[in-house]
Amino acid sequence: MEIEVGRSTGGGDGSHNGSTMAEHGGSNDEGGGGGESMGRSQSMKERASYLVWQDLRVMLPSSGDGPTKRLLHGLNGFAEPGRIMAIMGPSGSGKSTLLDALAGRLSKNVVMAGDVLLNGEKKKLTYGVVAYVTQEDVLMGTLSVRESITYLAHLRLPPTLTKEEVKDTIEGTILEMGLEDCADRLIGNWHLRGISGGEKKRLSIALEILVRPRVLFLDEPTSGLDSASAFFVVHALKSMARDGRTVISSIHQPSSEVFALFDDLYLLSGGETVYFGEAKEAIEFFAESGFPCPIKRNPSDHFLRCINSDFDVVTATLKGSLRIQEKREESDPFMNMGTTQIKATLVEKYRWSKHAVKARARMKHLSTIREPATKANTTSHAGWWKQLDTLTRRSFVNMSRDMGYYWLRIIIYLVVSICVGTIFFDVGTSYTAILARGACGGFITGFMTFMSIGSFPSFIEDMKIFTRERLNGYYGVGVFILANFLSSFPFLVAVSLVTGTITWNMVKFNHGFSRYAFYCLNLFGSIAVIESCMMIVAALVPNFLFGLVVGAGVLGVMMMTSGFFRQLPDLPKPFWRYPVSYINYGSWAIQGGYKNDLLNLEFDGLSPGDPKTTGREVITKLFRMPLTHSKWWDLFAIYALLVSYRLTFFLVLKLKEKVLPFLQSMYAKRTVHRLKRRASFVKFPSSRRYQNLRTLSAQEGFSSPIP
Ligand SMILES: Nc1ncnc2c1ncn2[C@@H]1O[C@H](COP(=O)(O)OP(=O)(O)O)[C@@H](O)[C@H]1O
Ligand SMILES: [Mg+2]
């Protein structure tokens with residue numbers, strides 16, 4: 001069990017420093033000195049995770065016959081428990097790509113080749129094996145910091161812990177990440193001003209380290225933080241590492257204090273390894289290669305200065321300015337040598353250096369390690385019911401605090417209902433009331449439900465949080481869907497009661513409590529189906545705008561085939577009548593609604609003295625709907641559709657999870673196979689040939705490939 005309640009924020013157990021871990025790990029030994037308690041060493045052993053990557057290549061295939069862009073060029077490396085590794089490099093050098101490749105979260109348009117081994121096993125490091133703090137913070141803005149951590153603790157901590165222990169863990173994590181000052185503040189969203197960016201980042205990390213994962217990836221956790229908070233964050237990560245975890249973090253321009261905290265350094269430039277080894281030895285390597293670090297310069301700045309080809313653009317600009325040229329030309333060796341050349345020299349030197357030899361030997365050793373506990377043990381620990389309960393409560397709190405989720409909609413429904421009520425006020429049974437009743441029913445089931453599209457932004461936010469938490473293996477798809485439905489239930493009831501009561505009473509539809517109940521149930525079912533439909537759309541589309549467009553399109557088609565705009569028997573038989581009108585909630589809702597309202601009514605004839613028209617005739621002859629089944633069957637069909645839409649939502653999420661990676665790996669295999677036949681691919685390009693000079697402006701918009 002890797003959960004610890006009491007935690008040390010210091011350097012951890014002295015016997016667990018990096019070298020001890022490194023020496024003992026290989027022999028499957030306990031990682032500590034003889035004085036350790038059995039329990040402690042057992043937990044260390046279970047937590048030990050050795051990560052090795054061999055010849056890791058990531059390519060961006062061109063669609064046509066153009067050149068394939070290489071994002072990572074056959075990288076080799078390893079990460080060990082008890083140590084913290086920094087991945088450094090200029091922006092666009094492939095840091096995020098490397099982390100994504102290791103975590104199995106590359107975006108779909110790139111292909112990966114090579115092996116990632118966890119404890120000697122080739123394994124996809126996703127769904128709960130590792131924790132990944134991405135560059136983008138995906139948080140539920142309506143919760144406070146403490147609430148976010150508490151809900152997650154209830155989701156993830158094992159049920160064996162007592163209430164006190166859980167509370168201690170939560171408070172410990174808050175203290176560890178220095179969040180005590182903002183613990184009770186809301187995180188903030190579009191209409192709430194919340195905590196600062198640095199605090200959000202620390203919260204994201206706190207959420208991941210809550211259960212002390214064995215492997216922790218972080219993408220630029222300190223970007224946007226001042227150097228004191230950056231130090232604080234990395235120091236906390238270092239304590240985690242000292243506790244026996246494997247921590248890999250990309251980092252952008254660390255201060256010298258922060259840099260000194262890292263044990264290992266992976267220096268990347270243009271997707272190639274410039275240096276991989278102990279962080280302390282990097283200075284020596286640069287000096288040996290002919291680029292010593294000036295005494296007063298921060299080593300990490302020096303490394304980046306040497307390999308960031310964007311500095312060539314800077315140099316060129318500086319050279320253009322005569323004033324600066326005269327002053328600096330002799331003093332700065334970089335003025336005379338392009339960074340592309342420096343980088344090429346370093347890559348070449350590294351390949352034959354003792355660091356590379358040492359790393360290769362260690363990798364070979366580590367890839368033969370067989371640790372017993374390689375199963376995903378950072379997946380959720382809480383039981384199914386507990387998860388459902390926690391998720392439902394969290395989702396309910398979110399929905400009740402987010403103005404845009406339901407409140408706004410309830411208000412709009414209220415206003416529109418009053419409008420409908422006044423427009424169709426006391427509709428009566430005159431001849432013209434036949435059409436008025438038809439139109440009013442059609443409007444309410446067709447258009448009023450359409451307004452569900454208003455909560456799309458909140459759906460999309462929910463999906464983002466789900467995706468992040470699911471990738472980290474917190475809970476299952478089924479629990480999420482059920483919790484979402486349960487938490488939205490009271491709001492949907494409120495929406496349908498408000499709309500139903502106002503319109504039913506104002507329009508004066510056919511009287512009787514059972515008719516009123518049917519009317520509200522019909523509305524509730526329709527709105528719930530639309531919600532499910534919108535959730536399916538939200539799961540399929542990449543962003544909010546797409547969601548709105550696709551969602552509106554789908555609802556438009558549903559309205560057209562519901563039997564109001566085009567009568568059901570007139571719908572073209574193939575496709576529109578069968579199956580579309582059958583899987584459309586609208587056609588059932590309108591049929592049920594008309595039967596509920598019209599069946600025992602009698603309407604005046606066209607002119608005075610004409611025979612009365614019965615409701616039955618109106619339904620069968622005018623609206624041309626069959627009376628072969630009762631309105632309760634129509635209602636049942638809507639609820640059956642609700643269940644099947646939710647099931648479809650479940651399947652869509654499952655398929656996205658299971659089938660997409662499969663298709664992706666097929667695509668990767670095919671692309672690699674195709675690329676291998678190209679002459680240019682077989683020969684690995686030397687870094688000298690790879691002298692692409694990018695302008696600074698070209699860097700704009702680089703971001704993590706994670707959507
Ligand atoms: N999915 C992708 N599609 C296209 N280009 C990508 C993709 N992922 C990464 N890249 C490119 O790979 C390079 C490295 O990106 P990245 O790993 O995000 O850099 P870093 O994190 O070091 O700033 C960039 O040039 C980026 O444009
Ligand atoms: Mg990045």
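The values are calculated or read from the model by the stated rules, or taken from the named source; none is laboratory data. Everything numeric in this text was worked out from a predicted model, so none of it was measured. Cβ: placed from backbone, ideal geometry, glycine included. Neighbour counts: every protein chain shown.
Brief remarks on what is shown
- Among the residues making up the stretch 128-160, those that are at pLDDT 90 or above and small (Gly, Ala, Ser) are Gly141, Ser144, Ser148, Ala153.
- In summary, Leu225 fulfils each of the numbered conditions (1) aliphatic (A, V, I, L, M); (2) closer than 30 Å to Lys358 by Cβ; (3) within 16 Å of ligand 2 (Cβ to nearest atom) with the single exception of condition (2).
- Gly421 vs. criteria in a helix (DSSP H, G or I) and more than 36 Å from the chain's Cα centre (by Cα): yes
- For the stretch 211-225, filtering for residues that are within 20 Å of His154 (Cα to Cα) and either surrounded by 24 or more Cβ atoms within 10 Å (Cβ to Cβ) or touching a strand residue (DSSP E or B) at 6+ places or on another chain (Cβ under 8 Å) (or both) leaves 3.
- Residue within the stretch 473-481 that is out of contact with any helix residue (DSSP H, G or I) (no Cβ under 8 Å at 6 or more places or on another chain), in a helix (DSSP H, G or I), touching a residue at least 40 places away in the same chain (Cβ under 8 Å) and more than 16 Å from Val643 (Cα to Cα) present: no
- A residue that is modelled with pLDDT of 80 or more, touching a Phe, Trp or Tyr at 6+ places or on another chain (Cβ under 6 Å) and either away from ligand 1 (no atom under 16 Å from the Cβ) or closer than 30 Å to Thr315 by Cβ (or both) can be found somewhere in the stretch 641-662.
- Of the candidates Ser239, Ser300, the single residue that is among the polar types (S, T, N, Q), assigned by TED's automatic domain parsing to the domain that holds Val52 and in a helix (DSSP H, G or I) is Ser239.
- So Ile195, is it of a type in the set (Val, Ile, Thr), surrounded by fewer than 23 Cβ atoms within 10 Å (Cβ to Cβ) and not assigned by TED's automatic domain parsing to the domain that holds Leu99: yes
- Check on Leu486, crowded, with 18+ Cβ neighbours inside 10 Å and within 23 Å of Leu647 (Cβ to Cβ): no
- Residues of the stretch 197-217 that are among the β-branched types (Val, Ile, Thr) and at pLDDT 85 or above: Ile205, Val215.
- Scope the stretch 253-271; condition surrounded by 19 or more Cβ atoms within 10 Å (Cβ to Cβ) and either within 16 Å of ligand 2 (Cβ to nearest atom) or of a type in the set (D, E, K, R) (or both); matching residues: Pro254, Asp263, Asp264, Tyr266, Leu267, Leu268, Ser269, Gly270, Gly271
- Verdict on Gly82 being more than 9 Å from ligand 2 (Cβ to nearest atom), part of a loop (DSSP other than H, G, I, E, B) and in contact with a His (Cβ under 7 Å, 6 or more places away or on another chain): yes
- Filtered by the rule that a residue be closer than 17 Å to Asp301 by Cβ and not β-branched (Val, Ile, Thr), the stretch 240-265 gives Ser250, His252, Gln253, Pro254, Ser255, Ser256, Glu257, Phe259, Ala260, Leu261, Phe262, Leu265.
- None of Leu192, Leu186, Leu155, Leu203 is farther than 19 Å from Met240 by Cβ and within 20 Å of the chain's Cα centre (by Cα) except Leu155.
- Qualifying residues in the stretch 93-115 (those that are over 24 Å from Glu281 (Cβ atoms) and modelled with pLDDT of 90 or more) - the one nearest to ligand 2 (Cβ to nearest atom): Ser96
- Residues of the stretch 81-124 satisfying the condition of being surrounded by 19 or more Cβ atoms within 10 Å (Cβ to Cβ), more than 16 Å from ligand 1 (Cβ to nearest atom) and at positive phi: Gly82, Asn119
- The stretch 279-293, subset in contact (Cβ under 8 Å) with a residue 60 or more places away in the chain and outside any loop (DSSP other than H, G, I, E, B), residue farthest from ligand 2 (Cβ to nearest atom): Glu288
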